[in-house]
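Single-structure report; data block below.
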Amino acid sequence: MARVLLFGRLRDVAGWRERPLDPAPATLAALKALIGADNPALAAALEAPGVQAAVNLILVRGDCALTAGAEVAFMPTMSGG
Amino acid sequence: MIVLTDQAFDAGAELTRFSQGRGESGAVVSFLGLARGEAGQAVALDLEAYPGFTEGEIGAIAAVATSRFCLHDVLILHRTGPIAAGEAIVLVMTAAAHRREAFEGCDFLMDYLKSRAPFWKKEYGPAGAAWVEPTGRDLADAGRWDQGARRPS
């Protein structure tokens, strides 16, 4: 299983904040395609400039393999405090 | 120390605690940031963090500030969740041997926090809610520290 977290405006676009995916997709790209498949607005928002992904609290650039239990977060441009 | 809290905090008590027992620090600088009302246009904020990740990213910058400005200690206390206009959002304190390092370390940390820290801010006003991103001024302020020099030019 993988756990997906959305932050900021991505949560508003998706209509959810957290979602389990079982089984865990093999890669970050596959996971992104899966959560965007039933929500074109979310699929587009995930490709917006400034959106970053973290896997198990580490920022990831490009694609990466996911292991079972992975926590994947998608974060839009950070607003600062 | 990096602390995120959804509770109001007592900045005076934090300053007293932070300043205690510092035989070698000649300077403690504190900055308290408040939620601005924007003349009624911003009634409240909702500040979202990613627990674990947000503290980690801020901690990494605090480590950079500590070595760059020879700081003895850093405290960053940051609110999350709903915050009303006039309430404190952030408290940054730095301790150093001399005031210049403490001032600059605090300034550097605030510029980072305002422009690049992993928070997502929603502002509620009479016209509804809107996500807020760093202003040009926030980005320019943060850019002052990218020159490589210890002090901005």
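The values are calculated or read from the model by the stated rules, or taken from the named source; none is laboratory data. Predicted model, so just to flag it, every value in this text is computed and none were measured. Cβ atoms come from the backbone with ideal geometry, glycine included; neighbour counts cover every protein chain shown.
Quick notes
- Of all the criteria given as (1) closer than 27 Å to B:ILE58 by Cβ; (2) within 12 Å of the chain's Cα centre (by Cα); (3) of a type in the set (S, T, N, Q), the one not satisfied by A:THR27 is (1).
- Here A:VAL55 fulfils each of the conditions (1) at pLDDT 95 or above; (2) at positive phi apart from (2).
- Annotation note: of A:VAL13, A:VAL4, A:VAL72, the sole residue that is among the β-branched types (Val, Ile, Thr), surrounded by fewer than 20 Cβ atoms within 10 Å (Cβ to Cβ) and more than 10 Å from every other protein chain (Cβ to nearest Cβ) is A:VAL13.
- Residue in the stretch B:46-103 that is surrounded by the fewest Cβ atoms within 10 Å (Cβ to Cβ), counting only those that are among the polar types (S, T, N, Q) and either within 16 Å of B:GLY33 (Cα to Cα) or without any contact (Cβ under 8 Å) to a residue 60 or more places away in the chain (or both): B:SER67
- Residue within the stretch B:87-100 that is in contact with a Pro (Cβ under 9 Å, 6 or more places away or on another chain) and within 12 Å of another protein chain (Cβ to nearest Cβ) present: no
- Test set (1) within 14 Å of another protein chain (Cβ to nearest Cβ); (2) among the charged types (D, E, K, R); (3) more than 22 Å from B:ILE58 (Cα to Cα); (4) surrounded by 13 or more Cβ atoms within 10 Å (Cβ to Cβ) - A:LYS32 fails condition number: (1)
- Residues being touching a helix residue (DSSP H, G or I) at 6+ places or on another chain (Cβ under 7 Å) and either more than 8 Å from chain A (Cβ to nearest Cβ) or closer than 15 Å to B:ALA62 by Cα (or both) - total across the stretch B:114-135: 5
- Boolean, A:LEU42 is more than 29 Å from B:GLY59 (Cα to Cα) and surrounded by 15 or more Cβ atoms within 10 Å (Cβ to Cβ): yes
- Verdict on B:LEU45 being assigned to a helix (DSSP H, G or I) and within 14 Å of chain A (Cβ to nearest Cβ): no
- Hey, B:TRP145 modelled with pLDDT of 85 or more and crowded, with 19+ Cβ neighbours inside 10 Å or not: yes
- Apart from one condition, A:THR77 fits all of (1) farther than 28 Å from B:LEU91 by Cα; (2) touching a residue at least 24 places away in the same chain (Cβ under 8 Å); (3) out of contact with any strand residue (DSSP E or B) (no Cβ under 6 Å at 6 or more places or on another chain); the exception is (1).
- Inspection of the stretch B:17-33 identifies no residue that is β-branched (Val, Ile, Thr) and either within 14 Å of chain A (Cβ to nearest Cβ) or within 23 Å of A:ARG17 (Cβ to Cβ) (or both).
- Selection of the stretch B:12-45 for residues being surrounded by 16 or more Cβ atoms within 10 Å (Cβ to Cβ) and under 24 Å from B:PHE69 (Cα atoms) yields B:GLU14, B:LEU15, B:PHE18, B:SER25, B:ALA27, B:VAL28, B:VAL29, B:SER30, B:PHE31, B:LEU32, B:GLY33.
- Any hit, the stretch B:109-120, residues being closer than 20 Å to B:GLU38 by Cα and more than 12 Å from the chain's Cα centre (by Cα): yes
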